[in-house]
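The values are calculated or read from the model by the stated rules, or taken from the named source; none is laboratory data. All of these numbers come straight from a predicted model, not from anything done at the bench. Note that we place each Cβ from the backbone using ideal geometry, even for glycine, and neighbour counts take in every protein chain shown.
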Amino acid sequence: MATIDYRKTDAFKKNLPRFFQYLVLSVVVLIVFVPIVILVFGALKTRGEMYSRPYTFPSPAHWENFGKILTDQSLGFWSMLRNSLFVMLWSTAGVLVICSLAAFVIARMQFRGKDLAFNILTLGLMFPITVAILPVYLVIRQMHLTNTLMAVILVQTAFGISGNIMILRGFFQSIPLELQDAASIDGCSAFDFFWRILLPLARPALSAVTALTMIVSWNDLLTPLVIIDKDKLWTLPLGTMQFQASMARN
């Protein structure tokens, strides 16, 4: 009778879950990177090649396409890049300042109506920008801020507050109360504890909030589309959409 090598069987059973994990990760990597590769290939083709052979390798590769975008003043790439960076940095700074202070008060302070205030803030998650864009535009127009990057910054900051407060509040609540009591015994005020102790400990949560806010701000198309009419104030998503539309018409 044939003998069964139980050691090989046990090793196979142990490695089987790992094999499926690597298989799933490989599929996810393909799903993420294949569109990027197709995008790069399309950027190196002529317009005719892009429509006739969208999934093939460019032959020959037209590297001058990138040079035209970067050097053609009529396209305004550098102006749009500067506007996008300006909006992203100020929106992120506004979200970090407001959310960290609000989350600290809600998580660490005791006052009447704290739970009600937090529930009102979380209601903002029920109204995404796509739903509230019309009243937001009316408010911006009444404030005489249309066609300004400041309006885009204010809108992005306002709609980034609710979710990020929830992230920071949960992290601030995880800090032991004994640490705050010890700081107060040593003479730390509430703001000193927030600035000198809590914020350094909250660097992982602040990094997550920063990354999320920067990504959302950088990819935002709807807010600049509704608020901005002047081409010199276009951000990169808005300018890319206008560029695609002009290429489709020509």
Please tell me if Leu101 is surrounded by fewer than 18 Cβ atoms within 10 Å (Cβ to Cβ), in the same structural domain as Leu168 (by TED's automatic domain parsing) and on the phi < 0 side of the Ramachandran plot. yes
Might you check whether a residue that is out of contact with any Gly (no Cβ under 6 Å at 6 or more places or on another chain), of a type in the set (Gly, Ala, Ser) and assigned to a helix (DSSP H, G or I) occurs anywhere in segment 171-181? no
Tally of residues being more than 22 Å from Lys114 (Cα to Cα) and either loosely packed, with under 13 Cβ neighbours inside 10 Å or basic (Lys, Arg) (or both) across segment 152-178: 0
Every pair of residues 6+ apart whose Cβ atoms lie under 7 Å, when the first sits in segment 22-37 and is outside the structural domain of Phe57 (by TED's automatic domain parsing) and over 27 Å from Met50 (Cβ atoms) while the second is at pLDDT 90 or above and part of a helix (DSSP H, G or I): none
Answer with yes or no whether Leu123 is on the phi < 0 side of the Ramachandran plot, exposed (fewer than 11 other Cβ atoms within 10 Å of the Cβ) and touching a Ser or Thr at 6+ places or on another chain (Cβ under 9 Å). yes
Given segment 73-161, what helices (runs of 4 or more DSSP H) lie entirely inside it while holding 2 or more residues that are touching a residue at least 60 places away in the same chain (Cβ under 8 Å) and farther than 21 Å from Met214 by Cα? 77-108, 129-142
For Arg169, work out the one condition from (1) modelled with pLDDT under 90; (2) among the basic types (Lys, Arg); (3) within 30 Å of Gln110 (Cα to Cα) it doesn't fulfil. (1)
What are the pairs with Cβ atoms under 7 angstrom where one residue, in segment 61-72, is closer than 16 Å to Gly48 by Cβ and the other, located anywhere, is surrounded by 11 or more Cβ atoms within 10 Å (Cβ to Cβ) and β-branched (Val, Ile, Thr)? Sequence gap at least six, or different chains. His62/Thr46
State whether the residues of segment 195-205 include one that is buried (at least 16 other Cβ atoms within 10 Å of the Cβ), in the same structural domain as Asn164 (by TED's automatic domain parsing), of a type in the set (Phe, Trp, Tyr) and within 27 Å of the chain's Cα centre (by Cα). no
